[in-house]
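The values are calculated or read from the model by the stated rules, or taken from the named source; none is laboratory data. Computed from a prediction, not measured in an experiment: that's the story for all the values here. FYI the Cβ positions are ideal-geometry reconstructions off the backbone, even for glycines, and counts take in every protein chain you see. These accessible areas exclude ligands, DNA and RNA; they are computed on the full protein's heavy atoms, side chains included. Shrake-Rupley method; radii C 1.70, N 1.55, O 1.52, S 1.80 Å.
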Amino acid sequence: MTRAIRFAPLAVLLLVIVALVWRLATPVDTNVSSKLEGRPLPVFALPAAVPPKPALSSTELATGQPRIVNIFASWCVPCIGEVKVLQQLKARGVPIDGIAVRDRPEDVAAFLANNGDPYERIGSDVRSQVQIALGSSGVPESFIVDGRGVIRYQHIGPIEGGDVPMILNKLEQSR
Amino acid sequence: MRSVLISLALLAAQPLLADSNLPPAYWANRQLPDPGEEARAQALMQELRCLVCQGQSIADSDAELAGDMRDLVRRRIAAGEPPAAIRAWLVERYGTWISYKPTAEPAAWPLWLAPLALLAAGLFLIRRRIRMKARA
């Protein structure tokens, strides 16, 4: 009995080492996903980010066909690369709307002029209120909204070239 | 030579700021005029987790999104919404992840049971010691 107890600290140490190695090998996923997948869009109405391009409100998103709502910002570096992929999706007939977070009209206009403009409408979310209402935790993020205005998929981080088939598939499933 | 060039290039480099050009939201760093409301907002903000600096509460974080969340909390408190409703609204969006307040969910049971288990183990050890001493 007492002999076995002598090895207890060693056993505890081994357990700690195993736990640490396991955590190093499989890092925690620090992304916070929105719990609104499968639920209707929260109600919002944002002013236009770059007039005369139309503003964005939740009631206009249930258009009968799935669309992408892209949360972006002119000050967000990964968003620059993402615009090119959004252009590809637009060329394939995917309707895309934007929400510009904490942005100024002149900055959004410059961003679109420099990188391209895949957006049909862009709402300006100056205090991140719609971003928070959507359960989004950063830029860029994209939501696939079906024809009835229900959120079907949340994409955290930029949509990259390799994600296009998956996104098209998700859009097809949301039909 | 090469290292000198790299050092010079680094001197000229600008830090890449992942922050916007807008000032903080109005109520991000401003107390509510009503002390009672501000106290309620503070208590809630201490228990809400920042989405950017994930180890900090939104009351402590300097992240812009935390500022916007403080703005949201203060506006809603000022509008008369109870703190529990604001917390529930955020949990609906981000899950219990967003709240530091421990819940009674099964995942949190070890947290509630640990003090009792440790106390029981301590009492057991003390009892054994006393008995051994009595025998000696």
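Of the residues A:PRO118, A:PRO140, A:PRO78, A:PRO54, only one is out of contact with any Phe, Trp or Tyr (no Cβ under 7 Å at 6 or more places or on another chain), crowded, with 19+ Cβ neighbours inside 10 Å and not aliphatic (A, V, I, L, M); which?
None of the others qualify; the one that does is A:PRO118.
Just need a number here: residues in the stretch A:14-38 that are open to solvent by less than 70 Å² (accessible area, probe 1.4 Å), polar (S, T, N, Q) and free of Cβ contacts under 8 Å to residues at least 60 places away in the same chain.
1
Would you confirm, using the coordinates I've provided, whether B:TYR94 is in contact with a Leu (Cβ under 9 Å, 6 or more places away or on another chain), closer than 19 Å to A:LYS35 by Cβ, touching a residue at least 40 places away in the same chain (Cβ under 8 Å) and open to solvent by 80 Å² or more (accessible area, probe 1.4 Å)?
Judged against the criteria, B:TYR94 is not a match.
Would you confirm, using the coordinates I've provided, whether B:LEU10 is open to solvent by less than 70 Å² (accessible area, probe 1.4 Å) and either at pLDDT below 95 or more than 24 Å from A:ARG104 (Cβ to Cβ) (or both)?
no
Tally up the residues in the stretch B:39-75 that are more than 27 Å from A:VAL28 (Cβ to Cβ) and either in contact (Cβ under 8 Å) with a residue 12 or more places away in the chain or under 9 Å from the mean Cα position of the chain (by Cα) (or both), please.
Here is the first cut: in the stretch B:39-75, the residues more than 27 Å from A:VAL28 (Cβ to Cβ) are B:39-43, B:71, B:74-75.
Add one more test, that the residue is either in contact (Cβ under 8 Å) with a residue 12 or more places away in the chain or under 9 Å from the mean Cα position of the chain (by Cα) (or both), and what stays is B:40-43, B:71, B:74-75.
So the count comes out to 7.
Check every one of the helices (runs of 4 or more DSSP H) wholly within the stretch B:17-127 and list those with 3 or more residues that are more than 14 Å from chain A (Cβ to nearest Cβ) and closer than 30 Å to A:ALA73 by Cα. Don't jump to the end; show me each part of the working.
Numbers: elements: B:35-46, B:64-78, B:83-94.
Filter on the stretch B:17-127 gives B:35-46.
Being at negative phi and open to solvent by 100 Å² or more (accessible area, probe 1.4 Å) is true for just one of A:PHE44, A:PHE7. Which residue is that?
Unique residue meeting the criteria: A:PHE7.
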